[in-house]
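These notes are about the structure you will find just below.
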Amino acid sequence: MFNIQNYSKQNIKNDVLSGALVAVALVPEAIAFSFIAGVSPVVGLYGAFIIGLITAVLGGKPGMISGATGSVAVVFVSLGLAVKKMYPDLDTEALSMMVLHYILLTSIIAGLIQITIGALKMGKFIRLVPQPALFGFVNGLAIVIALAQLPFLAPAHMEQYSSWVDILKASFSENYIMYVIIIATMATMQFLPKVSKAVPAGLVAIVVVTLVVYFGHIDTKTVGDLADLSHVSLPHFVLPDASLFSWDSMAIILPTAVIVALVGLIESLLTLSVLDEMGGKRGSGNKECVALGIGNATSGLFGGMAGCAMIGQSVINFTSGGLGRLSSFTAAVLLIILVVSFSSVIAAIPMAVLVGIMFMVSIGTFEFSSIKRITHMPKADAFVLITVTIITIFFDLAVAVIAGIIISALVFAWKHAKIFAQIKEENGKKIYELDGPLFFGSVTSFNEQFDVENDPKEVVIDFKKARVMDSSGAEAIDALTLKYKNAGKKLTLRHLSEDCKKTLKTAGPFCTYEEDDPTYKVAHNV
């Protein structure tokens, strides 16, 4: 929640101005993501307002911006196609309304899933994402942000052209003014902060360029060309259609809701991790899960689509000085005020200035240092980084992150698939001092260390530098214990932890445990 006592005048000014910049930049994105999902622009705008407002107050990271996003909107595309197949006889208007109700109910259920995940303290599992995968996610998303701006540059009659080369040529010849505005915007954002940081450079670019275009009667694409915002009103309570609570409908909605929930959480928690790196202060993943869930469920009840954290807008906010909750709160409130009361002003903003801002966000988001690190990091880590980047660009964020985790886990298992033993003699006993983790990958190496047939009557296995990691390791000890028992020999396990003892079955009754066995402490969430 807000702590006004900790706010100085400078903090308030930075947060309000940064929030204003983000609010303006949110409008075209919310509209574009609504088009992707196949619904009215109002649905995306409501989602951006409601989700942004709730996560601003309750979220796990002050200053993080959440709203309608492309990664979640893409999931709704398949939902819309399934609905159209399910209701082939509906006219266009009725079908659009039915798709909307499916999206609203899916958003509500996805929000409830996210609240449950946060309440169960499962947000901590974002720590399983390795650093190379995080770099890959950031780099891939930076490229996706840049590519998402290209349709705004394309000519309106794209279907006349047979190749991207022709489209780019036509785009430059017809929209060269857009390119001039983009370059001017990027130059402003690059060099103005070196002169003065009193006002966010992006906000200066929007105001100045809009005034020049408007009073200069310059013909260029504006936000108003994307959608008519003149009839947007405040969100109101909407209950999803009762017919959706059937087995056939739920068979479509529930799987989509699970995907929406997971994609939203993954992008939000990864964005939180990126901002943690930028700001040096750690946010709460579990709080963010709950806040996002409440935001999505509320959005669905008030006519908005589900969403999640927006890394591009969050980076804009952070780099513009918006580090407190007031910045994201201002962005959400100002967004709805602008589209409801000042739609004509928003409609006059040139798209090119917003594209220029997002290009600078893309450049700022890309982790250029990772390119230098590739030549110095292990080949496996470099492979993870490149793979996650490619999958993020061409497929899906959730798939990319999961693939990165799986690849990293397999690499880790392969690297640690060896366990070694140093052999000593002590009062007629043979002591095997193990070194390394005992798990499914190292079981074969573990078995190769022992010579049951030629070992003396008393054998000790010292686990001081080893740990039983899973049931496969426990089963390996069980099998080895049985071999020594059948050979008529005594086996003693030394420095075996209490939790490891509990996993042993065969070894329990037949092995002797030393008194100096360690007790391991388990870290809990804070």
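The values are calculated or read from the model by the stated rules, or taken from the named source; none is laboratory data. Not measured: the values here are computed from a predicted model. Note that each Cβ is placed from the backbone with ideal geometry, even for glycine, and that neighbours are counted across all protein chains shown. For accessibility, only protein heavy atoms count, side chains too; no ligands or nucleic acids. Shrake-Rupley method; radii C 1.70, N 1.55, O 1.52, S 1.80 Å.
Going residue by residue through region 328-336, is there one that turns out to be more than 27 Å from residue 225 (Cβ to Cβ), among the aliphatic types (A, V, I, L, M) and surrounded by fewer than 22 Cβ atoms within 10 Å (Cβ to Cβ)?
Scanning region 328-336, I find no residue that is more than 27 Å from residue 225 (Cβ to Cβ), among the aliphatic types (A, V, I, L, M) and surrounded by fewer than 22 Cβ atoms within 10 Å (Cβ to Cβ), so the answer is no.
State which residue pairs qualify: first residue within 17 Å of residue 497 (Cβ to Cβ) and inside region 465-487, second residue open to solvent by 20 Å² or more (accessible area, probe 1.4 Å) and charged (D, E, K, R) in any location, beta carbons under 8 Å apart, and separation of 6 or more residues or different chains.
465/433; 465/435; 466/435; 474/505; 478/505
Hey, any hits in region 420-443 for a residue that's part of a helix (DSSP H, G or I) and open to solvent by 50 Å² or more (accessible area, probe 1.4 Å)?
no
How many of the residues making up region 286-302 are surrounded by fewer than 19 Cβ atoms within 10 Å (Cβ to Cβ) and either within 25 Å of residue 393 (Cα to Cα) or of a type in the set (Lys, Arg) (or both)?
1
Filter region 237-251 down to the residues that are aliphatic (A, V, I, L, M), part of a helix (DSSP H, G or I) and modelled with pLDDT under 90 and list them by number.
Selection gives 242, 244.
Please specify each residue of region 197-217 satisfying the condition of being modelled with pLDDT of 80 or more and more than 31 Å from the chain's Cα centre (by Cα).
Of everything in region 197-217, those that are modelled with pLDDT of 80 or more and more than 31 Å from the chain's Cα centre (by Cα) turn out to be 207, 208, 209, 210, 211, 212, 213, 214, 215, 216, 217.
Can you go through 85, 121 and tell me which one is among the charged types (D, E, K, R) and in contact with a helix residue (DSSP H, G or I) (Cβ under 6 Å, 6 or more places away or on another chain)?
121
Rundown of residues vs (1) open to solvent by less than 20 Å² (accessible area, probe 1.4 Å); (2) closer than 20 Å to residue 315 by Cα, yes/no style:
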{"residue": "64", "(1), (2)": "yes, yes"}
{"residue": "73", "(1), (2)": "yes, no"}
{"residue": "77", "(1), (2)": "no, no"}
{"residue": "83", "(1), (2)": "yes, no"}
{"residue": "93", "(1), (2)": "no, no"}
{"residue": "105", "(1), (2)": "yes, no"}
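Of all residues being without any contact (Cβ under 8 Å) to a residue 24 or more places away in the chain and of a type in the set (Gly, Ala, Ser) in region 389-419, which is most open to solvent (accessible area, probe 1.4 Å)? Just the residue, please.
That would be 409.
Give the residue, chosen from 156, 170, that is open to solvent by 90 Å² or more (accessible area, probe 1.4 Å), closer than 21 Å to residue 226 by Cβ and either at pLDDT below 70 or β-branched (Val, Ile, Thr) (or both).
156
Just give me the residues in region 254-266 being open to solvent by less than 10 Å² (accessible area, probe 1.4 Å) and of a type outside the set (A, V, I, L, M, F, W, C), in sequence order.
Across region 254-266, the qualifying residue is only 264.
Taking region 267-285 on its own, how many of its residues are crowded, with 19+ Cβ neighbours inside 10 Å and in a helix (DSSP H, G or I)?
10
Which one is surrounded by the most Cβ atoms within 10 Å (Cβ to Cβ) among residues in region 218-236 that are in a helix (DSSP H, G or I) and more than 28 Å from the chain's Cα centre (by Cα)?
224
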